[in-house]
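None of the figures in this text is laboratory data; all of them are computed from the coordinates on show. Quick caveat: nothing in here was measured; it's all calculated off a predicted structure. A quick note on method: Cβ atoms are made from the backbone with ideal geometry, for glycine too, and the neighbour counts reach across all protein chains shown.
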Amino acid sequence: MNLPVNIPIQEIDDVLFREKSVRVFLKREDLLHDDISGNKWRKLKYNLQSAKSKNLKTLVTFGGAFSNHISATAAAGKEFGFKTVGVIRGEEHFPLNPTLDYAQSCGMELRYVDRSAYRVKTTKDFEAKYLSDLEPYYLIPEGGTNALAIKGCEEILSDVNFDFDVVCCSCGTGGTVSGLINSLEPHQSALAFSSLKGAEFLIEEIQKFAQNSQWSLNVDYHFGGYAKVDRILVDFMNRFKSKHHISLDPIYTGKMMYGLCDLIENDYFRRDSNIIAIHTGGLQGVLGMNERIKDKGLQIL
Ligand SMILES: *Cc1c(COP(=O)(O)O)cnc(C)c1O
């Protein structure tokens, strides 16, 4: 379960950054693994080791129909020899969307539960009703966040060999940024961008895992809510790709980079700041998103 040792970190050369006298580096966690992308690999790593050491051969986890975590867990199961079961929120739709189709092709068994049942998925009753037929299994929470996931994310910056001031990361559950926070030096800080609307609950989530207070949460760039996009965001992502030859995902990294550029434009950062943004991956979601935004005349290129 070893990773390539050095994940590229590349400076983004942009007139805006030069004008504002900041430097922005993108840590390409999206290149960690073809199918277990970015932060999901970091979050799974120690969980997979734990499952192995407990001799559990089945992984059970949860997610929505477009979930990067479902996709990554399915791929990890295939690669490392676990049976995987994905509990999916909502009804089954045919044909399967690209995420679920891929998960199933990796051998993941998909179990659909309605939204009210999904809400109580962490209870013993839920397990008794929906999972009791399985062999002993290793449970990974929705989004993959637990203490072992944070431990994995504490390694994201371990191969960065220059000093920086701020690390930026997009947030769903807050697990990834918590790991980053725990790996900071005292003079550094983390800036978390929420992809969800009404994400104030995230502050508490991050506080649960973060071992210092060198961080802040930005909630201004959710673009209408989780998995919502608009033309402004899509145009930004497409421009970013044509300028820098780097694809962003519409749910997390696109919103983070938009937010980061907007803050730079508005002089949020000190001059001469060195900023690292984490490309947490998630590109598997582009195909499914494009299917959903086609009738709005939008397309992520
Ligand atoms: C899941 C995911 C995130 C959010 O990670 P959390 O640890 O849940 O905050 C960010 N970016 C991408 C691409 C993701 O897939």
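Data for the structure
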{"quantity": "Rounded to 5, the percent of DSSP beta bridges in the chain classed as antiparallel", "calculated": "10"}
{"quantity": "Tensor-based shape of the stretch 65-123 (alpha-carbon gyration tensor, a/c under 1.5 rounded, otherwise prolate or oblate)", "calculated": "oblate"}
{"quantity": "Compactness of the stretch 45-96 - radius of gyration and Dmax, Cα, Å", "calculated": "12.0, 38"}
{"quantity": "Ordering of 126-136, 153-163, 172-182 by packing [mean C-beta count within 10 Å, highest first]", "calculated": "172-182, 153-163, 126-136"}
{"quantity": "Area projected by the alpha carbon convex hull of the stretch 143-292, averaged over all directions, nm²", "calculated": "9.1"}
{"quantity": "Viscosity 0.692 mPa s, temperature 37 °C, Stokes-Einstein D of the stretch 220-301 from Kirkwood C-alpha radius, µm²/s", "calculated": "246"}
{"quantity": "Equivalent ellipsoid, the stretch 55-205 (semi-axes from 5 times Cα gyration tensor eigenvalues, Å)", "calculated": "31, 18, 15"}
{"quantity": "Rg followed by Dmax, in Å, when the chain is reduced to its Cα trace", "calculated": "18.9, 61"}
{"quantity": "Cβ charges +1 (Lys, Arg) and -1 (Asp, Glu), total dipole of the chain, debye", "calculated": "460"}
{"quantity": "Cα gyration tensor shape of the stretch 26-74, rounded if a/c is under 1.5, else prolate or oblate by comparing a/b with b/c", "calculated": "oblate"}
{"quantity": "For the stretch 16-141, the Rg and Dmax computed from alpha carbons only, in angstrom", "calculated": "17.1, 61"}
{"quantity": "Student exercise, the stretch 54-169 dipole from Lys, Arg, Asp, Glu Cβ charges, in Debye to nearest 20", "calculated": "480"}
{"quantity": "Within the stretch 7-94, percent of DSSP bridges classed antiparallel, to nearest 5", "calculated": "40"}
{"quantity": "Placed amide H near Leu59: partners under 5 Å, 5+ positions off or other chain", "calculated": "Lys83, Thr84, Val85, Tyr138"}
{"quantity": "Helix-derived mean residue ellipticity, 222 nm - over the chain, DSSP H n ≥ 4, -39500 (n - 2.57), to 500", "calculated": "-11000 deg cm²/dmol"}
